[in-house]
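Below is one structure, written out as structure tokens, with a few remarks after it.
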Amino acid sequence: MAIISDDNQLGLGIKNKNPIIKAETIEYDNTFENSIRPKDFDSYIGQSALKETLKITLEAAKKRGKPLDHLLFYGPPGLGKTTIAGVIASQMGVEIRITSAPALERPRDIIGILMSLKGGEILFIDEIHRLNKVAEEILYPAMEDFTLDMTTGKSQTAKTLRIPLPKFTLIGATTKAGELSSPLRDRFGIIHRLEFYTIEELAQVVKRTAKILELEITEEGAEAIARRSRGTPRIANRLVKRVSDFAIVKYDGIIDKKVANESLDILKIDEFGLDTTDRALLNLIINKYDGGPVGIETIAAALSEDVRTIEDVCEPYLLQAGLLQRTPRGRKVSPEGYRHLGISMPSAQTKLFEDYL
Ligand code: ADP
């Protein structure tokens, strides 16, 4: 399987343009990510429900001799959407073309890619919720009938040309399935949400990466890194690399529990995996807005970040960890969030929170 990346982003989407220095963005390094990307179902850890469904779908497509249905994967960044697309391509023995919606601004961008596809190939579009209307409309007949509908001439003399395309599979990835238009969403045969990983699964990711990088790591060391990886393999991998730097420079090179914990403390990644930005967000809501609710725009402005970064990168894990709560009137820090920061929750606030729940 060859991976052809049109914008050299390989599924990294907005993260390289992201102003927040988070674990996702430290040492943005495509080569590192690609060198450790699992290439088959066995090395793709976790997401067992997804893998089971996919194995059957792939088998059926192979038996029918037909390309796979279009697939949509959604979930927070770093959970393995690009990786699973690569695994699918390699299991099907086909090539994958990787691009992202912001790289498909002009109609000719999407037309060019569609026309260059060969039969059976996979087109992977990251951040597919950001496709513009024109690109979307070009995709509809391409996905449904494998044709390109091109209009030539103007008004009364306008003619529509139907150009046949090879049968291909579109794999879309998004952090925001809700922002996809329904006509586009309806054209995907399989829609699957990727889940955050358990500590055990992340420890496996850590051990696998350590093995590839030829690092010495103990079970407890792997678990300590896993615990602070926010349920996200990309973060686990970045942390392995950071901790290994500490292990080599400050210790004897072996990553055990003590080395992992001390290094991560120095990196200011706490035992929940929160970094300085996450804590700044929670502290802001508590100290300036009495624990919330407060609107996302206000939070973003106060932290000098853009709303999308807060929504896509910071929030999903804070919500899932139960530290933050989304209410119709804005974001609120939960009692767990107060506890985590070691701040006592005002009793009136506790009452309000309980009333809301
Ligand atoms: P996304 O496309 O969802 O942002 P990626 O597929 O780019 O995430 O994954 C980020 C990194 O995490 C990859 O380099 C890959 O090595 C690792 N990774 C993701 N999912 C898994 C998994 N299930 N098992 C092992 N490593 C994974």
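The values are calculated or read from the model by the stated rules, or taken from the named source; none is laboratory data. This is a predicted model, so every value here is computed, not measured. Neighbour counts are summed over all protein chains in view; Cβ atoms, including those assigned to glycine, are modelled from backbone coordinates with ideal geometry. Keep in mind that these areas ignore ligands, DNA and RNA; they rest on the heavy atoms of the full protein, side chains included. Shrake-Rupley method; radii C 1.70, N 1.55, O 1.52, S 1.80 Å.
What are the DSSP H helices in the chain that stretch 15 Å or more along their long axis, judged by alpha-carbon atoms, and whose average Kyte-Doolittle hydropathy comes to at least 0.0?
81-92, 199-212, 233-250, 276-289
Could you name the aspartates and glutamates whose alpha carbon sits less than 15 Å from that of K268, not counting residues in the same chain fewer than 8 places away?
Partners found: E24, D278.
Along the charge dipole of region 207-338, Cβ charges K/R +1 and D/E -1, which of A300, Y338, I235 sits furthest on the positive end?
A300
Taking amide H positions as placed 1.01 Å from N in the peptide plane, with prolines and chain starts having none, which residues 5 or more places from S334, or on another chain, fall under 5 Å of its amide H?
Hits under the 5 Å cutoff: L324, Q325.
Using +1 on the beta carbon of Lys and Arg, -1 on that of Asp and Glu, and nothing else charged, what's the dipole of the chain about the Cα centre, debye to 20?
840
Among K81/K332; K66/K133; K55/K207; K66/K241; K118/K159; K81/K159, which pairs are too far apart, with a Cα-Cα distance over 32 Å?
K66/K241; K81/K159
For D265, D42, give me the order by solvent-accessible area with a 1.4 Å probe, most accessible first, ignoring ligands, DNA and RNA.
Greatest to least solvent exposure: D42, D265.
Take T198 and K211, extend 7 Å from each Cα along the Cα→Cβ direction, and tell me the distance between the two endpoints in nm.
About 1.9 nm separates the two model spin labels.
Run lengths n ≥ 4 of DSSP H only: what is the helix-derived mean residue ellipticity at 222 nm for the chain, with -39500 (n - 2.57) per run over all residues, to the nearest 500? Spell out each step's value before the answer.
Values: 15 runs with 159 residues, N = 357.
Rounded to the nearest 500, it is -13500 deg cm²/dmol.
Rank by packing, highest mean first: peptides 90-100, 186-196, with packing defined as the count of other Cβ atoms within 10 Å averaged across residues.
Taking the mean over residues of other Cβ atoms within 10 Å, the ranking is 90-100, 186-196.
Hey, what's region 190-264 come to in accessible area per residue, 1.4 Å probe, Å²?
That works out to 46 Å² per residue.
Given the alpha-carbon gyration tensor of region 31-145, what are the semi-axes of its equivalent ellipsoid in whole angstrom, ordered largest first, with each equal to the square root of 5 times an eigenvalue?
Semi-axes (√(5λ), whole Å): 24, 18, 13.
Near the amide H of Y197, under 5 Å away, which other amide H atoms are found, from residues 5 or more places off or on another chain, if H is placed in the peptide plane?
Those lying under 5 Å, H to H, from Y197 are T232.
How much space per residue, in cubic angstrom, does the convex hull of the C-alpha atoms of region 131-198 take up?
For region 131-198, the hull spanned by Cα atoms encloses 103 Å³ per residue.
When you count, for each residue, the other Cβ atoms within 10 Å and take the mean per peptide, how do 67-74, 211-218 rank with the highest first?
Ranked by mean Cβ neighbours within 10 Å, highest first: 67-74, 211-218.
Going by amide H atoms built from the backbone, whose H comes under 5 Å of the H on E216, apart from near neighbours?
It is I255, by chain and number.
Would you kindly state how much longer the chain becomes between D149 and R329 on full extension, computed as 0.36 nm times their sequence separation minus their alpha carbon distance, in nm to one decimal?
60.4 nm
Rank these by accessible area, largest first, 1.4 Å probe: I225, I163, I45.
Output order, biggest surface exposure first: I163, I45, I225.
Please report, as a whole percent, how much of the solvent-accessible surface of region 167-306 comes from carbon and sulfur atoms (probe radius 1.4 Å).
Details: 3000 of 6260 Å².
Accessible surface attributable to carbon and sulfur in region 167-306 totals 48 percent.
With unit charges on the beta carbons (Lys and Arg positive, Asp and Glu negative) and the dipole taken about the Cα centre of region 150-276, which residue among G178, S263, L274 sits farthest to the positive side?
G178
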